[in-house]
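Engineer: Okay, handing you the structure first.
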Amino acid sequence: MVAPLLSLGRAGGVNHRPALRFYVHVPYCASRCGYCDFNTYIPGEEGRGSQSQWRGAAVAEVVAARRALDGDPRPVSSVFFGGGTPTLLPVTDLAAVLDSIAAHFGLSEDAEVTVEANPENITPGLLDDLLTAGVNRLSIGMQSADPAVLDVLDRRHRRDGAVRAARMAAPAGFDRVSLDLIYGTPGETDDSWRDTVRTAVDTGITHVSAYALKVEAGTALARRVASGTVAAPDDDEAAARYEIADDLLAAAGLPWYEISNWAVPGHECRHNIGYWSGDDWWGVGPGAHSHVAGVRWWNVRHPTRWIAALSTGEDPRDGQEILEAEQRRTEEVMLAVRLAEGFDPTALGAGAAVRGLTEQGLLERAGDRWRLTRAGRLLADRVTLTLLDPA
Ligand SMILES: C[S@@+](CC[C@H](N)C(=O)[O-])C[C@H]1O[C@@H](n2cnc3c(N)ncnc32)[C@H](O)[C@@H]1O
Ligand code: SF4
């Protein structure tokens, strides 16, 4: 049996509790993109052999979560299947985990259920099966429309594949579709990035996430940059691309609602807003992180170890920490600052620096709250540090 995970069900009382959410990690990919350091395994790697046992272990972790949260009356407000590549698994595997969450916790009436999907896996049949399983939001990894950029990123799909996949989703019945984009890849130009953003918007999707390419240590991209085969991404270029995206997306009716996210109003990702707002979430899967009632923990990273733990009734956690008041405040400020709805500096104990940051053009008033200006969004880490420690 999994060690009783604290008495979380009773910790903190049941009144005024934040929403409860599930993140479900699928650690498998058909091939590894050179820039990616996520916890994922490709054919031929030890760990990939675990794929057929993923479903049983994931369901077992949901059952363990129910036991740990015994007495917690909250239904689940959102479920996010991320990866890796969730669409590599049979949809019946994802459905089994979703059904288990629904059976053991209940899903709130308007629960958001997202699946991350790679363009090359998307077919009308897959979309139908996902809808039937209860998925109501799709997040597709388009990354770029520029063939040269897709090559540098080692993506398996081409521009047309991403466009075709995004266009297929709405007629199939998904009214909430997001595209993930990456900007600042060496070889990209301002014009090719404009074309990427316009191409994304023209597919009719209602949500875009765009992240600056980060060179993660230990990746193939990091080796190529170190050897000089690929240029290092340039911060100024990335900032210019951010501004281009922000202008084009806002003009197309997708204003920013979080530093790296834009949406048609009403189509924001509720799961991620919950994460930035400090909700509780349980991460199912190898390496998944959880945060419930001020306790944060993370599972063992390797799928084989995670499956072995759950199949023998052992605790799949690798570590945990209880957040001290100061840590909680730091996290609260860091996450709250990212949202366009703004924050109340006094409630966050961060009022002293607001005036200076406003004079520098990094913060602006939003009703009775404050939020980042666009210049502030480009320097969000600096703003956060100043809010936390104005000295
Ligand atoms: C890890 S992927 C999982 C989803 C799916 N497998 C895919 O590739 O689209 C989630 C997103 O993280 C982003 N990402 C991963 N590594 C990144 C990096 N080094 N720099 C910027 N964005 C990155 C990509 O935009 C990607 O769409
Ligand atoms: S970016 Fe997505 S498809 Fe590529 S290796 Fe990472 S998780 Fe897999």
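Engineer: At a 1.4 Å probe radius, carbon and sulfur cover how many percent of the accessible area of the stretch 325-391?
Structural biologist: Of all accessible area on the stretch 325-391, carbon and sulfur atoms account for 51 percent.
Engineer: Quick one: which residues, 5+ away or cross-chain, put their amide H under 5 Å from the amide H of Tyr28? H built at 1.01 Å from N.
Structural biologist: Amide H neighbours of Tyr28, under 5 Å, 5+ apart: Tyr41, Thr85.
Engineer: Applying the Karplus parametrisation 6.51 cos²θ - 1.76 cosθ + 1.60 with θ = phi - 60° to the phi angles of the stretch 160-166, what ³J(HN,Hα) value in whole Hz is obtained for each residue in order, glycine and proline being reported as x?
Structural biologist: Listing the rounded values in order: 4, x, 5, 5, 4, 5, 5 Hz.
Engineer: Going by amide H atoms built from the backbone, whose H comes under 5 Å of the H on Arg301, apart from near neighbours?
Structural biologist: It is Gly287, by chain and number.
Engineer: Can you give the charge dipole size of the chain about its Cα centre, rounded to the nearest 20 debye, using +1 on the beta carbon of Lys and Arg and -1 on the beta carbon of Asp and Glu?
Structural biologist: That gives a dipole near 500 debye.
Engineer: In nm², what is the average projected area of the convex hull enclosing the Cα atoms of the stretch 325-391?
Structural biologist: So the mean shadow area of the Cα hull is 4.0 nm².
Engineer: Ordered by residue, what ³J(HN,Hα) values in Hz, to whole numbers, does the stretch 240-248 give under the Karplus form 6.51 cos²θ - 1.76 cosθ + 1.60, where θ = phi - 60° and Gly and Pro are x?
Structural biologist: Values per residue, Gly and Pro as x: 5, 5, 4, 5, 4, 4, 4, 5, 5 Hz.
Engineer: Also: Using a probe radius of 1.4 Å on heavy atoms only, what accessible surface per residue do you get for the stretch 26-184? Whole Å² is fine.
Structural biologist: 36 Å²
Engineer: Among Ser290, Ala252, Ala148, whose Cα lies farthest out toward the positive end of the dipole of the chain, if unit charges sit on the beta carbon of Lys, Arg (+1) and Asp, Glu (-1)?
Structural biologist: Ser290
Engineer: Then there's this: Subtract the Cα-Cα distance of Ala252 and Arg17 from 0.36 nm times their separation in residues, and report this length gain in nm to one decimal.
Structural biologist: 81.0 nm
Engineer: So, one more: Dividing the alpha-carbon radius of gyration of the chain by 2.2 N^0.38 Å (N being the number of residues), what value is obtained?
Structural biologist: In units of the globular-protein estimate, the chain measures up at 0.99.
Engineer: In whole percent, how big is the carbon plus sulfur part of the accessible area of the stretch 20-276, probe 1.4 Å, protein atoms only?
Structural biologist: That share works out to 52 percent.
Engineer: Might you report the magnitude of the Cβ-based charge dipole of the stretch 325-391 about its Cα centre, with Lys and Arg at +1 and Asp and Glu at -1, to the nearest 20 debye? All intermediate terms of the calculation are to be shown ahead of the outcome.
Structural biologist: Numbers: 10 positive and 10 negative charges, 41 e Å.
Dipole size: approximately 200 debye.
Engineer: Continuing with the same structure: Taking amide H atoms as placed 1.01 Å from N in the peptide plane, list the residues 5 or more away in sequence, or in a different chain, whose amide H sits under 5 Å from that of Asp180.
Structural biologist: Ile140, Gly141, Met142, Gln143, Ser209
Engineer: Calculate, for Asp202 and Glu331, the FRET efficiency according to 1/(1 + (r/R0)^6) with r their C-beta to C-beta distance and R0 35 Å; round to the nearest 0.05.
Structural biologist: On the way: r = 38 Å, r/R0 = 1.08.
Working from the Cβ atoms, E equals 0.40.
The values are calculated or read from the model by the stated rules, or taken from the named source; none is laboratory data. Source: prediction; values computed, not measured. Ideal geometry is used to build each Cβ from the backbone, glycine not excepted, and the neighbour counts take in all protein chains shown. Ligands, DNA and RNA are stripped out before the accessible areas are found, and what is left, the full protein with its side chains, is counted by its heavy atoms. Shrake-Rupley method; radii C 1.70, N 1.55, O 1.52, S 1.80 Å.
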